[in-house]
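Each value in this text was obtained by applying a stated rule to the coordinates, not by laboratory testing. This one's a predicted model, so the numbers in the text were calculated from it and none came from an experiment. Here Cβ is always computed from backbone atoms with ideal geometry, including for glycine, and neighbour counts include all displayed protein chains.
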Ligand code: SF4
């Protein structure tokens with residue numbers, strides 16, 4: 001498996017925001033979002049086996065795990081084996097995905113956070129995947145402007161989504177404007193800013 005890094009931090013986004021979490025960042029991404037804040041995840045990464053990943057995770061003594069990227073599902077077959085082992089060890093695992101690759105095969109041992117790409121990213125997710133989101137999963141719209149908010153609102157209206165929905169403004173964008181859009185339109189979402197960037201952790 002190609003790995004960029006393993007580290008412990010506070011989860012800055014999503015359902016587990018604020019929880020101490022071990023992040024496993026896998027290498028490679030199939031998109032190129034305009035505001036990507038993890039460009040280093042596009043690097044080739046270093047080859048690592050599951051035993052070594054589990055050894056490093058164990059050292060942190062933390063049961064919460066977030067598998068992120070890049071796009072972790074580019075390595076789905078190896079990831080399935082890792083997930084099954086981590087799950088048997090009692091870990092609670094979330095996978096952050098950009099919503100372009102079918103996550104069905106990994107849902108047995110992990111919850112999904114599907115990032116739905118909005119127009120300002122310059123990329124697009126596969127909206128058909130939204131029907132695979134279960135009640136334990138979540139969907140995140142990273143919104144950069146009012147046009148993104150409008151797009152996200154239309155997606156929510158057109159696609160029944162069972163999991164929790166987050167609106168997360170792009171770092172440094174108009175937080176107030178996004179918050180007002182949510183309020184003015186009574187959107188069934190949770191507004192959230194990226195906590196890790198505010199408190200200055202990774
Ligand atoms: S999907 Fe994520 S890692 Fe890939 S380009 Fe977009 S923001 Fe960056």
Quick one: is residue 86 within 26 Å of residue 164 (Cα to Cα) and touching a helix residue (DSSP H, G or I) at 6+ places or on another chain (Cβ under 8 Å)? yes
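So which residues in segment 1-22 are over 12 Å from residue 201 (Cβ atoms) and in contact (Cβ under 8 Å) with a residue 40 or more places away in the chain? Step through it out loud before you land on a result.
As a first pass, look at segment 1-22 and keep what is over 12 Å from residue 201 (Cβ atoms): 1-6, 13-17, 19, 22.
If the condition is that a residue be over 12 Å from residue 201 (Cβ atoms) and in contact (Cβ under 8 Å) with a residue 40 or more places away in the chain, then 1, 2, 3, 4, 6, 13, 14, 15, 16, 17, 19, 22 are the ones that fit.
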Checked segment 163-189 for anything in contact with a helix residue (DSSP H, G or I) (Cβ under 9 Å, 6 or more places away or on another chain), surrounded by fewer than 18 Cβ atoms within 10 Å (Cβ to Cβ) and not in a loop (DSSP other than H, G, I, E, B); matches are 177
Counting only residues that are in contact with a helix residue (DSSP H, G or I) (Cβ under 8 Å, 6 or more places away or on another chain) and more than 14 Å from residue 163 (Cα to Cα), segment 122-144 contains a total of 4
- Do we have any residue at all in segment 128-147 that's over 24 Å from residue 192 (Cα atoms), assigned to a strand (DSSP E or B), more than 14 Å from the chain's Cα centre (by Cα) and more than 16 Å from the ligand (Cβ to nearest atom)? no
Per the filter on segment 77-95, residues surrounded by 18 or more Cβ atoms within 10 Å (Cβ to Cβ) and free of Cβ contacts under 8 Å to residues at least 40 places away in the same chain are 83, 86, 91, 93, 95
Among residues of segment 23-57 being more than 11 Å from the ligand (Cβ to nearest atom) and free of Cβ contacts under 8 Å to residues at least 24 places away in the same chain, the residue surrounded by the most Cβ atoms within 10 Å (Cβ to Cβ) is 52
Condition set away from the ligand (no atom under 16 Å from the Cβ) and assigned to a loop (DSSP other than H, G, I, E, B), scope segment 58-96, selection farthest from residue 13 (Cα to Cα): answer is 89
